[in-house]
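Structure first, commentary second.
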Amino acid sequence: MKMYSPPDQDIVVVGASGDLAARKLLPALYNLEVEGLLPGTGLVIGYAESDWDDDAFRSHARESIAQFSRTGIADVPWQRFATRLRFINASAGWDVLRSRLEQRQRLVYLAVPPSAFATLVSALGAAGLAEGTSLVIEKPFGRDLATATQLNRDLHAVLAEERIFRIDHYLGKETVQNLLVFRFGNSVFERLWNRDAISQVEITVAESLGVEHRGAFYEETGAIRDIVQNHMFQLLSVAAMEPPISFDAEALRNEKVKVLRAAQPLDPKHTVRGQYAAGTIDGQKVAAYTDEPGVSRTSTTETYAAMRMFIDSWRWEGVPFLLRTGKRLCRRESVVVVSFNRAPLHLFHDTGIERLDSNRLVVRVQPDEGISLSFIAKQPGPALTTQPVEMDFSYGTSFKTSPPEAYERLLHDALLDDHTLFIREDEVERGWAIVDPVLTAPPPVVTYEAGSWGPVEAEAIAGPGHWHMAEEGT
Ligand code: BG6
């Protein structure tokens, strides 16, 4: 039985004055306080290049929590949380930080650009802080296989792999974890979860937002590095993995890595890169990517990517996995869609029915989290006519609650030293090895209208299948 109360430790947020800390980390830590899930004793120390003292940090935290916490802010837990807060100006250095720590153990969260990871970790080691430190870092972990391997080497020069927590916030989403329970907690579906019954698996991560204020960052990144190599490969691994022998972290991560090892590297011929042109979303006109601040007018960075992949394993041989992601698409929607083989038509030959739709299982990762299964039903009336209908599970209806924020779950797990939902070094490196062929020989970028489902060219790579939402014309 898992213990939910983390051992006493301090939490250090490096980059505490930044965006990630304000929007995600401070609100998540506060909500853990509300739930009684922070360590019984331990400080929350902000460390950043800001001219703040403890009180200024407290006011900043209070404002951020009031604005971004999913539960708002309430006096009693806030008072409890505020007594933990301390601030250290980064120019004081790691030695001062060491002198203010109160516990022997600490969780150090690097909420800073990845280019700073190696230097910061080496400084942490030089200050004698390696012992007792667990480190949390955020994607991107490198920008290709070579840089990711180097980053792993730099981290391991100071900290063992068991002390490193690489966050991919998609793994903290309830629905992604629910996919595991759905697959391995029910005997109905797992028997059908293979090439004998499944004709296609589609994974879509669609966003209606553009690149916002991150144009300059995005120019260097693009959709393949930003979403495919990490979030989409996590969804793919969880959807395609073999049953682990237990929910132990290594057992589960071994199975996820096996999927990536069996996945064929991306083929530029079966990959489409797109970039949004101006268009309309929800009645609002939006600018083209090349007119966004910080973006080159002649940019060829992709804001959309679609690909057909195959996994060379006994379970999946020959089953196409269609992956696509894009910004400025017509709506925000992340789904895994599993299409089953069609039933044979012979029984219906004389009824005028020309085609039976396949059963389809849709895992809605967000928004409107849930799972639905479509099947064929007879329409009421004297004639034998059929129509697809749906069985639907929705979080909101069944649990009368909205799932907690991914960061709450992940921070709590890191405090408990539980690696199950974090990315291991070999997963990162294999993810890059899969995308490397299209990073080194990228197919040309094609444009799509903002507010659409992406470039028409994506249809061609679906092969005999199709993207399910495009088919519905919604
Ligand atoms: C981040 C990407 O990792 O994930 C962003 O850098 C993207 O570009 C975001 O918008 C999507 O996360 P979510 O949870 O909103 O689907």
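The values are calculated or read from the model by the stated rules, or taken from the named source; none is laboratory data. Small disclaimer: the values here were computed from a predicted structure and weren't measured. Positions of Cβ are backbone-derived with ideal geometry, glycine not excepted, and every protein chain shown enters the neighbour counts. The area values use the complete protein model at the heavy-atom level, side chains included, leaving out ligands, DNA and RNA. Shrake-Rupley method; radii C 1.70, N 1.55, O 1.52, S 1.80 Å.
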(message) I need a count of the residues in the stretch 156-183 that are open to solvent by less than 10 Å² (accessible area, probe 1.4 Å), within 12 Å of the ligand (Cβ to nearest atom) and not hydroxyl-bearing (Ser, Thr, Tyr).
(response) 5
(request) Please state which one of VAL365, VAL428 is closer than 22 Å to LYS24 by Cβ, within 24 Å of the chain's Cα centre (by Cα) and assigned to a strand (DSSP E or B). (result) VAL365
(request) Mind listing whichever residues of the stretch 219-273 are among the hydroxyl-bearing types (Ser, Thr, Tyr) and either under 25 Å from LEU179 (Cα atoms) or at pLDDT 95 or above (or both)? (result) SER237, SER246, THR271
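Each row is one residue, and each column tells you yes or no for (1) in contact with a Gly (Cβ under 7 Å, 6 or more places away or on another chain); (2) of a type outside the set (Gly, Ala, Ser); (3) under 30 Å from GLN379 (Cα atoms).
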residue: PRO268; (1), (2), (3): no, yes, no
residue: TYR304; (1), (2), (3): yes, yes, no
residue: VAL335; (1), (2), (3): no, yes, yes
residue: PHE340; (1), (2), (3): no, yes, yes
(message) ALA239 - would you say it is within 17 Å of the chain's Cα centre (by Cα) and away from the ligand (no atom under 12 Å from the Cβ)?
(response) yes
(request) List every residue pair whose Cβ atoms lie under 6 Å apart, where the two residues are 6 or more positions apart in sequence or sit on different chains, the first residue falls within the stretch 265-278 and is of a type outside the set (Asp, Glu), and the second residue, located anywhere, is part of a helix (DSSP H, G or I) and surrounded by fewer than 18 Cβ atoms within 10 Å (Cβ to Cβ). (result) PRO265/PRO437; LEU266/PRO437; VAL272/GLU457
(message) Conditions first: (1) at pLDDT below 95; (2) out of contact with any strand residue (DSSP E or B) (no Cβ under 9 Å at 6 or more places or on another chain); (3) open to solvent by less than 70 Å² (accessible area, probe 1.4 Å). HIS349 passes all but one, so which condition is the exception?
(response) (3)
(request) Kindly list, by first and then second residue, each pair from a residue in the stretch 390-415 that is within 16 Å of the ligand (Cβ to nearest atom) to a residue that is of a type in the set (Val, Ile, Thr), limited to pairs with Cβ atoms under 6 Å and residues at least 6 apart or on different chains. (result) LEU410/ILE167
(message) Looking at the stretch 308-346 only, could you name the residues that are in contact with a helix residue (DSSP H, G or I) (Cβ under 6 Å, 6 or more places away or on another chain), in a strand (DSSP E or B) and either open to solvent by 40 Å² or more (accessible area, probe 1.4 Å) or more than 16 Å from the ligand (Cβ to nearest atom) (or both)?
(response) ARG308, ILE311, VAL337
(request) Mind telling me which of the residues PRO388, PRO455, PRO443, PRO404 ends up being part of a loop (DSSP other than H, G, I, E, B), surrounded by 13 or more Cβ atoms within 10 Å (Cβ to Cβ) and at pLDDT below 90? (result) PRO404
(message) Of everything in the stretch 224-246, what is among the small types (Gly, Ala, Ser) and open to solvent by 10 Å² or more (accessible area, probe 1.4 Å)? Give them in sequence order.
(response) SER246
(request) Could you list, in sequence order, all residues of the stretch 213-223 that are open to solvent by 80 Å² or more (accessible area, probe 1.4 Å) and near the ligand (Cβ under 8 Å from one of its atoms)? (result) ARG214
(request) Note down all Cβ pairs under 8 Å where the first residue falls in the stretch 198-209 and is open to solvent by 10 Å² or more (accessible area, probe 1.4 Å), the second is away from the ligand (no atom under 16 Å from the Cβ) and acidic (Asp, Glu), and they're at least six residues apart or on different chains. (result) SER208/ASP282
(request) Taking LYS256 as the residue in question, decide whether it is within 22 Å of ASP312 (Cβ to Cβ), among the charged types (D, E, K, R), open to solvent by less than 20 Å² (accessible area, probe 1.4 Å) and away from the ligand (no atom under 16 Å from the Cβ). (result) yes
(request) Filter the stretch 94-125 down to the residues that are closer than 10 Å to TYR47 by Cβ and over 29 Å from the mean Cα position of the chain (by Cα), then identify the one that is least open to solvent (accessible area, probe 1.4 Å). (result) LEU97
